Each structure stands twice: as C-alpha cells, then as structure tokens.
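The values are calculated or read from the model by the stated rules, or taken from the named source; none is laboratory data. Just so it is clear, the model here is predicted, and its values are computed rather than measured. Here the Cβ positions follow ideal geometry from the backbone for every residue, glycine too, while neighbour counts run over all protein chains shown. These accessible areas exclude ligands, DNA and RNA; they are computed on the full protein's heavy atoms, side chains included. Shrake-Rupley method; radii C 1.70, N 1.55, O 1.52, S 1.80 Å.
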Amino acid sequence: MKLISPVVKHLVLIGGGHSHLAVLKHLAMKPVPGLAVTLISREIITPYSGALPGFLTGLYKHNEIHIDLRPLAQFAGARVIQEEVKELDLTSKVVKLASRPNINFDLISLNIGSNPNMELIPGAREYGISVKPISKFIEKWPEILENAVYKVRKDLPFKLVIVGGGPASIELAFAAQLRLYREIRLKASKKSKLQIKIISADSELLRLHNSKVRKFTNQKLQEKDIEILLESQIVSMNENTLVCKNGNIIEADVCIFATGASLPSWPFDSGLAMSDDGFIQISNKLQSISHEYVFAAGDAATIRGEPRAKSGVYAVRQGLPLAKNLVRYASGRRLIKYKAQKHALALITLGNKTAIASRNNFFFQGRLIWSLKNRIDKAFIRKYTDLPSMDENIHITKGLVDQETEKSLRLHAIRCAGCGAKVASNILEEVLDGLPNTPKKEIISTTSSVEDASMIKLSDGKILLQSVDQIKSFINDPWLFAKIATNHCLSDIYAMGCTSHSALAIVGLPFASKSFAKSQLNELMLSCSETLRSQECALIGGHTSESEDLTFGLCVNGFIEQEKILTKNGMRTGDILILTKPLGTGTLLAADMRSKASHTDMNSALQEMAISNKTASEILVEFKATSCTDITGFGFAGHLTEMLRTDNVEVELILENIPALSGALGTLEKKIYSSLHAANQSASDNILNQEAFFQNLKYQLLFDPQTSGGLLASVAPELAEICLSKLHSSGYPHANEVGRVSKLHGKSSSIILK
Ligand SMILES: Cc1cc2nc3c(=O)[nH]c(=O)nc-3n(C[C@H](O)[C@H](O)[C@H](O)COP(=O)(O)OP(=O)(O)OC[C@H]3O[C@@H](n4cnc5c(N)ncnc54)[C@H](O)[C@@H]3O)c2cc1C
C-alpha cells in the first residue's frame with residue numbers, strides 16, 4: 001500500500017533573501033511530509049550583493065552574481081510566486097496579492113532585506129538612484145556608464161555622487177571608478193573630468209569599523225582622487241543637485257543612495273511589533289515577539305537585546321536556525337536559540353582585485369583577502385545553484401521483465417505531467433479501433449475518428465461540438481495551472497473554428513486538511529471561471545473527486561454551422577502551414593521537474609501556455625484556413641500526421657522556421673525529454689528524409705508533447721502573409737510559416753524536411 005502525505009500546514013516564505021535560501025535547501029534535503037511551502041518573492045533571480053562590486057567592474061557576469069530561486073524551490077517542492085508583497089493580514093493569516101487570489105498560511109517567515117532610507121529626503125526617489133533593490137540598480141547601471149562615457153568623451157565633467165558612509169558606498173565608489181576608467185579608456189590628463197564623491201552625515205567613514213580599517217580606506221580613497229564629504233546630511237534633492245543640512249549645494253550628474261537600511265511600512269501596518277530602529281522585532285528564536293506564527297531574519301529583523309549591523313553575514317548565519325525553527329514550530333516542538341556573533345568578518349573590496357578584512361580590531365588587506373572573498377562568494381552561489389540530480393530510478397522486481405525492457409523503463413522513470421502524461425497515440429488508437437460502436441444518425445464524428453471534438457447534428461441543423469480533456473498538474477501552482485489547463489481544454493473547440501459556449505469542469509484534488517483543500521479548490525475554480533469568462537464561455541457544472549495528484553479538465557461545448565467547421569483534413573497543394581505558438585513545453589517541464597529549468601525560460605513558457613487559442617482561431621477562420629488542429633500531447637509531428645491521414649498531399653517542413661520556446665533547444669541538447677517523447681517518435685515513420693536531421697535539435701522538437709500548444713493550420717498562399725501579420729499583431733508574436741503543402745509523389749501522404 002502506498003503511503004500518502006496529506007498537506008496539513010502551509011508555510012509561506014516572503015522574500016528570497018539569504019536566510020530563505022538556506023530554508024529552501026534544508027527543506028529539500030530534509031522534506032517535511034504534510035507541510036506545503038510557498039515562496040513569494042519580488043525577484044526570483046535574486047542578486048547576491050557581496051558580488052555586486054565585481055559585477056560593476058565587469059569581473060563577474062550577470063548569472064555569476066545571481067541565484068535562480070526556481071530550481072532551488074522545485075528541489076524543495078515549494079511553490080513559487082513572483083510578486084512584491086504589500087499587505088499582510090495577520091488576523092486572518094492571509095498574504096494579500098495584487099495579481100491573484102490571497103494566499104492563506106499557518107506560519108510565515110519574512111526575509112525581505114532592506115532598502116536605503118530615502119523616504120525622508122524629498123526628491124531623492126525622483127532624482128536619485130537607490131543601490132537597492134539591486135536588480136533595479138543593475139538595470140540602471142548601463143545607462144550610468146553610457147552617460148558618463150558620453151560626457152567625458154565630449155570633454156565635459158561627469159559627477160558621480162554616492163550618499164552613505166558604510167562599506168557599500170566605499171565598494172561602489174572604487175568599483176564605479178575602475179569600470180568608468182576602463183570604459184572611457186581615460187588618459188591621465190582626462191581623469192579629472194570624472195569626479196567621484198562620497199557624502200556622509202557621519203563625522204567619519206566606516207564608523208562601525210576599527211581605526212586601522214578607516215585609516216587605510218581613507219588613504220586609498222585619497223590616492224584614487226575619490227572625494228569625501230563628511231558631516232553633510234542630505235536634506236533634499238533636485239534634478240542634478242543635492243542640498244545639505246548646512247546649506248551646501250552639491251552638483252551631481254548621477255547620485256546613488258547607499259544610506260542606512262529601512263523597511264517599507266507594510267510589516268508595521270500588519271501589526272507586527274517593531275524595534276526602535278524600525279525593523280521586525282524578533283526573539284533569539286527568530287520569532288516575532290508579537291505573533292508566534294511569524295518568523296523573520298536578515299536585514300528586515302532586529303533581535304531584541306542583540307541589535308547587529310545590517311549585513312548579509314547575519315542573514316546567512318540565521319538561515320539554518322530559521323529553517324530548523326520553522327519546522328519545529330510547524331510540528332509543535334521546542335524552538336532552538338540563535339546566538340548572533342558580536343562581530344562579523346567584513347570583506348570590503350577596493351576595486352582592482354584587492355580587499356580589506358575587518359573584524360572588531362582585526363585588519364588585513366591585499367590581493368589575498370580579495371581571493372578569499374572571491375572564493376567565499378563563488379562557493380555561496382554554487383551552494384544554491386549546483387543542486388544534486390534527482391533519483392531517476394524505478395522499483396521493479398528483478399527478473400519480472402527482460403533487461404532491455406527494464407532499461408527502457410528506467411530511461412523514463414520520471415513521469416511527466418500536463419500533456420506529457422497522455423497515453424501514447426498508438427496505444428490509444430489500437431484500443432479505440434477495437435471498441436464496439438453504437439451508430440446514431442446525428443453523430444457526425446465518433447470516438448474512432450481523429451477530429452479534435454465530436455460533432456452532433458441538432459434538430460435546427462446546427463452542429464454541437466463537444467470535447468473533453470483533463471491534465472495532471474505540471475506546476476506547483478493551482479491558480480496558474482487552472483488558467484493554462486482551461487485554455488488547453490478550450491483549444492479543441494477553437495481548432496475546429498468554433499467559439500466555446502459552455503463548459504463542465506472535472507477536478508481531482510489531493511487529500512489535504514480541510515482549509516488547504518478549500519484554498520486549492522478556490523484558486524483552481526477562480527482561475528478557471530475568470531479564464532472562461534474572458535472568453536465568454538459559461539461554466540455550467542462539474543465534478544470533483546479526491547485523487548493522488550491535482551488534476552483539472554473541462555468538457556467544452558460549442559455550436560457551429562456544419563459548413564463552417566474546420567477539420568484536420570482539407571490541405572490543398574500550395575497551401576502554407578502556419579504554427580501559432582512556439583514548441584518546447586514538454587522538454588522544459590521535464591527539466592523543471594528535475595530542478596534544471598531556469599526561471600526565465602519557465603516564466604516565458606508558462607506565459608505562452610496561458611495564451612488562449614481563441615483569437616488565433618478567429619484569425620485563421622477569417623483567412624479561410626483549409627484545415628486546422630491544435631498541437632498537444634502527440635507533438636507537432638504526431639498532430640501533423642493526423643492532418644495528413646486522408647489528404648493525398650506531401651508536406652515540406654522548414655525545420656529552421658519551427659518556433660522554439662526559449663531554453664527548449666538547450667534542454668533537448670542536454671537530452672532532457674518528456675516521458676511521452678519516445679512514444680511520439682512513432683510519427684517519424686511518415687518523415688521521408690529523417691536520417692539527415694537526427695542531430696538537429698529542431699527535429700527532436702517535432703516529437704515534444706505540448707501542453708496548451710498553438711494551432712497548426714493550412715492557409716492559401718496568397719493569404720498566408722497577411723494572416724501571419726495579423727497573428728503577430730494579435731498576441732501571437734512567434735507565429736510562423738513552418739512549411740508548405742505540395743503534390744503527392746509517393747504512395748501515401750508524407751513529410752519531407754527542408
Ligand atoms: C553594494 C553592496 C554590497 C554589499 N556587500 C556585502 C558584503 O560583502 N557582505 C555582507 O555581509 N553584506 C553586504 N551587503 C549588505 C547585504 O546586501 C545585506 O545585508 C543583505 O543582502 C541582507 O540580506 P537579506 O537576506 O536580509 O535580504 P536580501 O538579500 O536583500 O533579499 C531580500 C529578498 O526579499 C525579496 N523582497 C523584498 N521585498 C519583498 C516584498 N515586499 N515581497 C516579496 N519579496 C520581497 C527580494 O526580492 C529579495 O529576494 C552589501 C550591500 C550592498 C548594497
């Protein structure tokens with residue numbers, strides 16, 4: 001008997017900071033059956049601030065200073081939602097989200113970092129640039145560089161001002177100068193055109209560090225002609241000018257704020273107890289002192305009686321105790337205490353592969369320190385990006401099958417969801433062919449035909465189209481899954497040139513606590529009904545049952561006049577084949593299951609899957625498509641083969657024109673295939689010249705099963721171009737001409753690759 005683990009508690013992690021990285025990894029290594037985990041973060045590709053100076057100088061590439069939270073969250077079995085939280089209802093235990101239904105929780109953890117405190121300086125938000133969020137700063141960095149290069153090349157001065165007297169300002173000043181000197185290839189005579197200035201309200205820089213560190217840093221700043229302006233509190237900012245409390249006016253082409261840390265108001269507004277310095281007040285168990293089911297760590301929190309500098313070192317150190325305490329709290333066990341070290345080692349980079357080590361009274365500097373920092377930073381990123389491979393084994397009693405069969409079963413041990421979980425076309429066909437039938441005069445199509453929906457003639461002469469589809473959830477996100485699944489199920493009706501009229505839903509919900517099951521069902525049905533409503537399709541009924549996996553399906557009705565029905569057959573010699581969406585969902589979802597797909601690729605694939613085929617269908621009808629189908633589980637080649645079944649034509653496929661989802665060719669190259677891919681390759685029997693294309697990744701893409709794929713249609717050559725251009729301007733930017741229909745040369749219809 002298989003053991004099941006119903007979800008009974010829901011842990012929500014807000015923010016993908018340093019501490020939550022450790023929480024996710026801990027939950028991946030030591031899963032907690034029964035505990036569902038959701039990560040909500042403004043950034044999913046989260047920057048590692050320690051390596052920011054190296055990125056600014058051009059030493060590290062973007063991916064070398066970022067951690068992609070999606071694979072890590074997948075590894076931990078956690079749901080990922082990309083959104084900035086702005087409201088928390090602690091009484092109802094609900095996170096309010098702008099883009100989707102609220103998320104309920106039983107316990108919650110906040111690791112949302114901090115931002116420079118710019119709110120108290122009028123004009124700072126409008127005219128200044130904050131170093132945090134780092135992702136936003138990184139977006140602005142090329143513009144700063146461009147601006148500086150332009151001015152200095154024109155022999156005009158460029159004034160870069162950095163406000164703040166801590167390590168971040170020092171690192172930024174050295175890094176910016178090094179990069180700008182390189183960019184402009186400044187000769188000594190022109191160096192004075194580039195002016196870098198650090199402004200601080202304090203009477204000295206690095207006031208939390210020892211005097212040796214301060215002396216050395218000041219000396220280095222002087223050597224590099226980086227000006228320091230102390231005891232100059234900025235009180236307001238206008239375009240290109242900063243006003244100090246003492247009345248001084250400072251000019252700036254660009255002003256970067258790296259001032260003291262602060263939090264937005266929503267944690268305070270939620271009723272959480274705050275520390276005097278304005279952060280979430282927690283105990284040494286990393287638990288809010290006002291709400292026992294709220295935990296917090298990193299910059300956003302201050303431990304009662306043990307305030308520390310806002311530094312990533314503490315956020316990192318708090319990760320493991322936080323993970324342990326979240327699990328302990330969820331399971332009703334005693335919490336452990338975290339002892340914050342009094343002094344942390346700070347490694348401050350001074351630009352050109354040299355750095356300072358500072359801890360309490362300790363000071364050391366040089367290239368060795370930089371090498372140490374470089375090693376620590378790289379090891380940190382690797383810890384959360386080099387994830388162990390998934391166990392791809394199966395349990396089968398030795399001797400039950402021959403070695404060859406066992407090997408083939410092992411090859412597909414990880415079973416895909418979505419359309420990758422469909423039964424192979426050849427098995428389906430063999431079973432359906434053998435079924436007895438009950439002919440009815442009203443039924444135009446039967447289960448043994450290959451049309452996308454059944455056709456029943458009504459007494460008024462109209463045809464009722466009916467289709468049914470159901471898929472297993474392929475993502476840990478009921479709301480997005482239901483949106484995609486709804487569009488996927490509606491697609492059969494659109495493929496036949498019809499609009500959807502009404503639908504009945506079928507839901508399989510995994511066993512869980514009443515509240516978790518209710519919130520999952522709520523998300524599913526809200527998403528489904530919103531999607532249906534946007535396409536003027538009525539939800540008229542349904543059925544739910546308990547199932548091992550989350551599944552969702554629809555039976556869809558549409559009404560149409562018989563002569564208007566678009567079928568799979570009807571291609572004419574000369575027609576152009578148009579595909580409306582890129583391929584590759586099967587391989588990407590397979591990679592995602594193995595924690596090997598990037599957030600960027602998955603995000604664009606999921607967005608593409610969530611696009612309805614309704615408008616594409618209307619456009620294809622408008623341009624008199626001669627045949628049409630939707631590309632789903634059997635892959636492009638399988639569905640094209642169905643189209644060729646009764647048409648005596650040949651199809652020339654232009655492989656390079658087949659649109660691919662971002663990242664899909666990369667995962668195919670790594671030989672990550674959907675579990676249905678191999679069965680779909682039976683469609684290669686119809687491809688005449690396949691051998692020459694075996695190594696071409698686009699050839700493999702033809703067998704990739706699609707979930708909520710696009711439409712494939714044939715259109716008369718004189719209408720193809722204008723039809724494509726309308727598709728492009730109507731939300732299908734990847735639609736492309738993928739082939740043409742030609743006269744049959746052999747005995748049966750076939751595909752020729754070009
Ligand atoms: C230039 C620079 C260099 C630095 N160098 C170092 C260094 O070398 N060593 C060091 O120890 N410290 C360094 N720091 C300080 C360090 O950046 C912070 O102390 C550290 O990032 C705090 O980590 P954290 O885990 O609290 O949050 P962060 O790492 O800031 O992460 C916060 C996360 O929360 C998410 N988030 C924020 N708000 C929301 C919201 N409302 N809803 C959902 N998600 C949200 C963000 O997307 C992000 O994923 C540096 C800072 C700067 C500016």
So which aspartates and glutamates pass the test for Lys9, namely a Cα distance under 14 Å, with those fewer than 8 places away in the same chain ruled out? Asp106
What nm value, rounded to one decimal, do you get for the distance between Arg359 and Ala678 when each label is placed 7 Å out toward the C-beta? 5.3 nm
Can you give the helix-only mean residue ellipticity at 222 nm for the chain, where every DSSP H stretch with n ≥ 4 adds -39500 (n - 2.57) and the sum goes over all residues, rounded to the nearest 500 deg cm²/dmol? -10000 deg cm²/dmol
Where does the charge balance sit around Tyr329 when Lys and Arg score +1, Asp and Glu -1, over other residues with C-beta under 13 Å from its C-beta? +4
Can you tell me the 0 to 90 degree angle between the C-alpha axis of helix 514-534 and the longest principal axis of the chain, rounded to 10? 70 degrees
Could you pull out which residues in region 251-274 have an amide N less than 19 Å from a spot 7 Å beyond the Cα of Glu146, following the Cα-Cβ vector? 253-256
Under 18 Å between C-alpha atoms is the cut-off here; go through region 569-697 and count lysine pairs that meet it, provided they're at least eight residues apart or on different chains. 4
Where the chain is the region considered: accessible area per residue in Å², 1.4 Å probe: 46 Å²
Using Cα positions and a limit of under 22 Å, work out the lysines in reach of Lys398, with same-chain residues fewer than 8 apart set aside. Lys2, Lys407
Round to a whole angstrom and tell me the spacing of the C-alpha centers of region 19-90 and region 692-754. 38 Å
Carbon and sulfur together cover what percent of the accessible area of region 191-314 at a 1.4 Å probe radius? 43 percent
Quick one: length gained pulling Asn238 to Lys398 fully straight, 0.36 nm per residue minus the C-alpha distance? 49.9 nm
Run the numbers on the chain and let me know its relative contact order in percent, using alpha-carbon pairs under 8 Å that are six or more apart. 12 percent
So what's the gap between the Cα centers of region 342-361 and region 547-601, to the nearest angstrom? 55 Å
Lysines near Lys140 by alpha-carbon distance under 20 Å, same-chain residues fewer than 8 away left out - which ones? Lys61, Lys132, Lys151, Lys159, Lys197
Whole-Hz ³J(HN,Hα) from phi, Karplus 6.51 cos²θ - 1.76 cosθ + 1.60, for region 303-311, glycine and proline x: 7, 4, x, 9, x, 10, 4, 7, 9
How big is the antiparallel share of DSSP beta bridges in the chain, given as a percent to the nearest 5? 60 percent
Relative contact order for region 211-322: what percent, with Cα pairs under 8 Å and sequence separation of 6 or more? 13 percent
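Quick one: net charge of Lys462's neighbours, Cβ under 15 Å, K/R +1, D/E -1? Walk me through the numbers on the way to the answer.
Details: positive: Lys457, Lys564; negative: Glu442, Asp460, Glu561, Glu563.
Taking every Cβ under 15 Å from that of Lys462, the sum is -2.
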Residue by residue through region 153-160, the couplings from Karplus 6.51 cos²θ - 1.76 cosθ + 1.60 with θ = phi - 60°, in Hz, x for Gly and Pro, are 5, 8, 6, 9, x, 10, 10, 9
Here the FRET efficiency for Ala538 versus Phe694, based on Cβ atoms and R0 = 60 Å and rounded to 0.05, is 0.80
Counting DSSP beta bridges with both partners in region 1-157, what percentage is antiparallel, nearest 5? 35 percent
What FRET efficiency comes out for the pair Asn284/Lys624, r = Cβ-Cβ distance, R0 = 41 Å, nearest 0.05? 0.05
At what distance in angstrom do the alpha carbon centres of region 643-671 and region 128-166 lie from each other? 46 Å
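Quick check on packing: order 115-123, 704-712 by the mean number of other C-beta atoms within 10 Å, highest mean leading.
For the peptides 115-123, 704-712, the packing ranking is 704-712, 115-123.
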What FRET efficiency comes out for Lys337 versus Lys30 if R0 is 22 angstrom and r is the Cβ-Cβ distance? Round to the nearest 0.05. 0.65
Could you check the spin-label model distance between Glu530 and Ser408? Points 7 Å from the Cα along Cα→Cβ, value in nm. 4.4 nm
With the label point 7 Å along the Cα-to-beta-carbon line of Arg125 and a cut-off under 19 Å to each amide N, the hits in region 271-303 are 278-279
In sequence order, calculated HN-Hα J values of region 90-95 (Karplus, 6.51, -1.76, 1.60; Hz; x Gly/Pro): 6, 6, 8, 6, 9, 9
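Show me 20-31, 200-211 ranked by packing, highest mean number of other Cβ atoms within 10 Å first.
Output ranking for 20-31, 200-211: 20-31, 200-211.
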So what's the net charge close to Trp479: Lys and Arg +1, Asp and Glu -1, counting the other residues with Cβ under 12 Å from its Cβ? -1
How do the peptides 604-612, 281-289 rank, highest first, by the average count of neighbouring beta carbon atoms within 10 Å per residue? 281-289, 604-612
Take every DSSP beta bridge whose two residues both sit in region 81-234, then give the antiparallel share in percent to the nearest 5. 35 percent
